[in-house]
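Accompanying notes for the structure given below.
Taken together, the values in this text are just the output of simple stated rules run on the coordinates, not laboratory data. Here the structure is a predicted model, which is why all the values come from computation and not from measurement. Cβ placement follows ideal geometry from the backbone for every residue including glycine, while neighbour counts extend to all protein chains displayed.
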Amino acid sequence: MEYPNQSGFRQRKLQAGVRMRGTPGDPRDPSLLFDDTSAGGDKHDLSGVGKGPGVCPGQALISDPMSNLALAYGSSLASHGREMMDKNLDRFIPISKLKYYFAVDTVYVGKKLGLLVFPYMHDNWEVIYQQDTPVAPRFDINAPDLYIPVMGFITYILVAGLALGTQNRFSPEILGIQASSALVWLIIEVLAVLLSLYLVTVNTDLTTIDLVAFSGYKYVGMIVGVIAGLLFGRMGYHLSLLWCCVSTFVFTIRTLRLKILSEAAAEGRLVRGAKNQLRMYLTMAIAAAQPVFMYWLTFHLVR
Amino acid sequence: MAFTLYALIQTAILFTNAIAVLHEERFLSKIGWGAEQSIGGFGDEPGIKAQLLNLIRSVRTVMRVPLIAVNSVCIVLLLLFG
């Protein structure tokens, strides 16, 4: 991305340090995870706003050459420190891989939410690959993403606070307790699935983040259930939760079937053998755990 | 049930300690879960029991030293803060 309009007293000082570092995120990245939606007009406004308050005290600072030097040194130190932190952080948390899971757009989110609530008409569940790497979720509705699970988790906590508030059981600590409780159950579920996948020796390309994504899709059903319970009472809660449990069950089975089972069995042909049977049981167990968790995490919210 | 992250950490430490305490020759061999009994054929895929034994053995080997450190920290913290 070009920055043609950054003016103000920082430009001359920063350029010396920034140019040798280069741009951190290459704008001509061929995979194009994110659209470049920054328009030239935004830069104009930002630089104009930054220039205004910067000019008056800046004039006083610029005139002193010692503080110029200190400014340059400080900014180069800050950029160096940030670059080192980025490099080290990337070693522990794969930030570039995480970016893939957030490359979504509105159309994808809308279609995926519809698929989570009504997965019965969709027939092609395969993930599209592009030279051995899966395509970004924005181009393929079957690809897992982390945006819906994260947003669903946060919305679930807020809706839980709302539900408890309507029953006069709310206090600010409750939000933290709900959040950590749901997070702990998510971690336990992901660890259990990882352990069972290891024990059954499944050769799959499911990563841990994929499993977190699939486990996080149930928050959508939980939110629908709790909101229906708030609006329509216990009967509405039970009915909508039942519907969402069945849809999440079907969705999970149809998505995981292609990843865990072998090719022939996934197409629906009956393949004999203990191994495939074990894998089928595993898929059904993972899918059956979803409604159990959905009920467990919401029944105390609706009285 | 209100779990906290601290309870999860406690559970993980307790589970890992439990696996690390299983003695190889005094206990595991007696019930047929010893290390030498799991090395079967290399051709076919190992079954669940072999994978489980492998997991127990690798957890014991890998986590022995870190568990010493983590347990010491836990002991000190529990002594100080109850």
Item to check | Burial ordering of A:LEU261, B:LEU52, fewest other beta-carbon atoms within 10 Å first | outcome: B:LEU52, A:LEU261
Checklist entry - Going by how many other beta carbons lie within 10 Å of each one, how would you line up A:TRP296, A:TRP243, fewest first? => result A:TRP296, A:TRP243
Checklist entry - Computed FRET efficiency, Cβ-Cβ of A:VAL127 and B:PHE81, R0 56 Å: what is it to the nearest 0.05? => result 0.70
Next on the checklist: With an 8 Å Cα cut-off and a minimum separation of 6 or more residues, compute the relative contact order for the range A:109-221 in percent.
Outcome noted: 34
Checklist entry - Counting only other chains, what is the mean number of Cβ atoms within 10 angstrom of the Cβ of each residue in peptide A:177-185? => result 4
Next on the checklist: Give me A:TYR237, A:TYR73 sorted ascending by neighbouring Cβ count inside 10 Å, so fewest comes first.
Outcome noted: A:TYR73, A:TYR237
Next on the checklist: Over the range A:95-299, what is the relative contact order in percent, taking alpha-carbon pairs closer than 8 angstrom and at least six residues apart?
Outcome noted: 22
